[in-house]
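Chemist: Here's a structure for you.
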Amino acid sequence: MAMSSANHIERIDPTAGIPGGEVVIECADYSENSAPTLNVWFKDKPAHVVAATRGRALVLVPDLDGGVEIEVSVAANGDATGKPAQFVVAKKLADGIHPVASPAFDPADGSLFVTRSGARGENVPVSLFRINSEGTLEEFSGDITNPTSIAFDRSGRMFVTGRLDGAVYRVTPLKEVVVFAGELGIATGLAFNRDGEMFVGDRSGTIYRVNEIGEAHDWAQLEPSVSAYHLAFGPDDALYVTGPTVSSFDAITRIDEDGEPTVFYRGLGRPQGLAFDREGNLYVAASLRGRRGIVRISPDAARAEIVVAGMNLVGLAFSPKGEMVVATNDAVYSLPLGIYGTLLD
């Protein structure tokens with residue numbers, strides 16, 4: 001939370017976001033009469049004020065270029081401007097794509113892979129893209145219809161789920177695409193544990209355990225999801241799963257090494273992609289108490305807060321440089337937050 005002296009900005013919640021994200025600005029000593037004329041500026045751009053009361057405003061992050069820390073100032077009239085506070089605005093890496101799950105970093109060179117998933121059964125010319133270390137978007141492959149999740153194993157091999165045909169594909173550096181495992185229902189989530197074993201989520205209710213030659217076995221059963229399963233292994237080597245339902249009070253499920261599921265945290269709206277940092281905090285694209293963004297949940301599940309504001313978020317990943325990359329349903333953004341993911345990500 002950002003703090004400043006009295007009569008100015010006291011708190012920004014959260015202190016990072018993408019354009020269109022909802023941010024709360026709290027100020028000291030502004031009267032009720034000033035609320036209707038409260039103006040919030042992100043650097044040189046005004047923010048749309050959704051609602052304002054005495055000393056508090058809900059605003060939308062304006063469309064800003066770049067991705068640097070910016071100053072947020074408050075004016076109660078046309079002349080007086082409050083002392084600025086810091087806010088991190090995301091840098092857009094690519095748009096015109098269609099991810100439905102988290103992107104993934106190639107451990108070999110730090111490049112980022114994202115999908116253009118498309119509607120069910122839709123064939124697009126390019127369905128898999130690579131963003132290199134210079135930030136250039138490159139077409140990579142169009143051989144997978146409805147690609148969903150991307151993950152790399154311990155040896156650096158790349159795998160992608162295809163929800164149309166219920167398969168997991170292995171994608172080589174030479175862009176060759178081969179089926180690794182099949183008959184996995186509506187294959188969506190994909191993750192590897194610390195022993196290198198593959199786990200695949202069939203959104204109709206099954207988590208599969210897949211061995212090194214592509215043989216799949218039922219491992220756990222969950223409630224079906226209306227969109228996808230998203231998987232991530234935690235530092236305790238348990239599998240954590242999100243699967244949005246029609247409820248607005250969904251849970252993150254923890255599945256132990258024996259395949260037994262329990263509720264880790266409940267109270268999220270449409271939780272999707274997730275990832276852990278090195279301190280064991282879990283980050284998930286979801287709604288919390290009516291606001292959408294990246295939610296950080298403490299290792300003991302006792303605390304949850306939005307750390308990045310953003311709408312239409314579907315997933316995230318941490319770069320080797322400590323950047324958080326977030327994916328919406330049509331774009332990918334980067335935020336230099338200094339958060340490092342686990343070696344399992």
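Chemist: Please state which one of A251, A275 is assigned to a strand (DSSP E or B) and either at pLDDT below 95 or closer than 30 Å to D63 by Cβ (or both).
Modeler: It is A275.
Chemist: Taking the condition closer than 15 Å to F233 by Cβ, at pLDDT 95 or above and either part of a loop (DSSP other than H, G, I, E, B) or within 14 Å of the chain's Cα centre (by Cα) (or both), does A285 pass?
Modeler: For A285, the condition - closer than 15 Å to F233 by Cβ, at pLDDT 95 or above and either part of a loop (DSSP other than H, G, I, E, B) or within 14 Å of the chain's Cα centre (by Cα) (or both) - is not met.
Chemist: Which of the following residues is hydroxyl-bearing (S, T, Y) and free of Cβ contacts under 8 Å to residues at least 24 places away in the same chain: T161, T148, T136, T115?
Modeler: None of the others qualify; the one that does is T136.
Chemist: Restricted to segment 216-248, and to residues that are part of a strand (DSSP E or B) and within 15 Å of the chain's Cα centre (by Cα), which residue is surrounded by the fewest Cβ atoms within 10 Å (Cβ to Cβ)?
Modeler: Y240
Chemist: Residue under question is A327, and the condition is that it be under 27 Å from S155 (Cβ atoms), touching a Gly at 6+ places or on another chain (Cβ under 8 Å) and in a strand (DSSP E or B); does it hold?
Modeler: Spelling it out, A327 is indeed under 27 Å from S155 (Cβ atoms), touching a Gly at 6+ places or on another chain (Cβ under 8 Å) and in a strand (DSSP E or B).
Chemist: Taking the condition over 25 Å from D65 (Cα atoms) and free of Cβ contacts under 8 Å to residues at least 12 places away in the same chain, does T253 pass?
Modeler: Against the criterion (over 25 Å from D65 (Cα atoms) and free of Cβ contacts under 8 Å to residues at least 12 places away in the same chain), T253 does not qualify.
Chemist: From (1) free of Cβ contacts under 8 Å to residues at least 40 places away in the same chain; (2) surrounded by fewer than 19 Cβ atoms within 10 Å (Cβ to Cβ); (3) in contact with a Lys or Arg (Cβ under 8 Å, 6 or more places away or on another chain), pick out the condition that doesn't hold for G290.
Modeler: Unmet condition: (3).
Chemist: From the set of residues in segment 130-144 that are surrounded by 17 or more Cβ atoms within 10 Å (Cβ to Cβ) and of a type outside the set (V, I, T), which is nearest to the chain's Cα centre (by Cα)?
Modeler: R130
Chemist: Further, regarding this structure: Taking segment 46-70 as the search range and keeping residues that are surrounded by 15 or more Cβ atoms within 10 Å (Cβ to Cβ) and over 16 Å from V24 (Cβ atoms), which one is modelled with the lowest pLDDT?
Modeler: Filtering segment 46-70 for residues that are surrounded by 15 or more Cβ atoms within 10 Å (Cβ to Cβ) and over 16 Å from V24 (Cβ atoms), the one modelled with the lowest pLDDT comes out as G67.
The values are calculated or read from the model by the stated rules, or taken from the named source; none is laboratory data. Values in this document were obtained by computation on a predicted structure and should not be read as measured data. Note that each Cβ is placed from the backbone with ideal geometry, even for glycine, and that neighbours are counted across all protein chains shown.
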